[in-house]
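Encoded as structure tokens, the structure appears first; notes follow it.
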Amino acid sequence: MPITADHIRTTLAEYTDAHPEDKAALAIVHELIDQGADVTSRKEFRGHATAGAVVVDTEGRALFIRHVALGKWLTPGGHLEPEDTDLSGAALRELAEETGLALSVSPVRAVPIHIDVHPIPANESKGEPAHQHFDFRYLFRLEADQEVTLQEEEVSGYAWRGVDTISDGTLRARVLASLRRGLSG
């Protein structure tokens, strides 16, 4: 069964229970769902959900990939697919597709570590106008060394870097706090 609006609402509720300071920023997601928008569809250009994976290795470094289309170093992630059944699974699928990692990681907790609302520029080659992404970011720990295998159509490189290099201040602070707790969530 594909990801439902109810699943997104439940995830938002669990997340804002843990992070009430983010409630106002996420109001747009609730508004769109209340208006009947399918925020799981990448064709919903008022805004749609994406899923991301922040992977931390045993040395406390985070995995970054060089995203071809945006020309930026980012944590793995991307659009939801019809076969995705939940947001955490979508983040894991994106991680597996972009890096080949999946078997050697485990989720730190079931709730996203961060949900970010950010603008995406228009992409004329895909016929996509500027829109917003609602990025549900999950924290995973690398349990065992595994070779990174890049999806070269979308990813041109990877690097393990200090968590302190995560550009999003909220995400960086939450991952660092999780590391201080021994990645317990």
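Structure values in brief
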| quantity | calculated |
| --- | --- |
| Reported label for calculated Cα extents along the principal axes in Å given (1) 45, 39, 31; (2) 40, 40, 31; (3) 65, 30, 27 | (1) |
| Reciprocal mean inverse distance between Cα atoms of segment 1-92 - Kirkwood radius, Å | 14.6 |
| Distant-in-sequence amide H partners of GLU128 (H built 1.01 Å from N, under 5 Å) | ASN123 |
| Carbon and sulfur %, accessible surface of segment 78-155 computed with the full protein complex present, 1.4 Å | 51 |
| Largest to smallest accessible area among GLU31, GLU94 [probe 1.4 Å] | GLU31, GLU94 |
| Options LEU142, LEU101, ILE120, ranked by Cα towards positive dipole end of segment 91-171, top entry (Cβ charges) | LEU142 |
| GNM flexibility winner over the chain from GLY78, GLY127, GLY60 (Cα, springs under 10 Å) | GLY127 |
| Per residue accessible area in Å² of segment 27-69, where ligands, DNA and RNA are left out and the probe is 1.4 Å | 42 |
| Top of GLU21, GLU83, GLU124 by mean-square fluctuation, Gaussian network on the chain, Cα under 10 Å | GLU124 |
| Listed residues LEU12, LEU87, LEU26, most fluctuating in the chain (Gaussian network, C-alpha, under 10 Å) | LEU26 |
| ³J(HN,Hα), Karplus 6.51/-1.76/1.60, whole Hz, each residue of segment 13-26, x for Gly, Pro | 5, 5, 5, 6, 4, 7, 9, x, 5, 9, 4, 5, 5, 9 |
| Rounded Å value of the spacing that divides the Cα centres of segment 24-39 and segment 85-156 | 21 |
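The values are calculated or read from the model by the stated rules, or taken from the named source; none is laboratory data. Treat the numbers as computed from the prediction; the structure is a model and nothing was measured. Because the Cβ atoms are built from the backbone with ideal geometry, glycine has one as well, and the counts that use them run over all protein chains shown. These area figures cover heavy atoms from the full protein model, side chains too; ligands, DNA and RNA do not enter into them. Shrake-Rupley method; radii C 1.70, N 1.55, O 1.52, S 1.80 Å.
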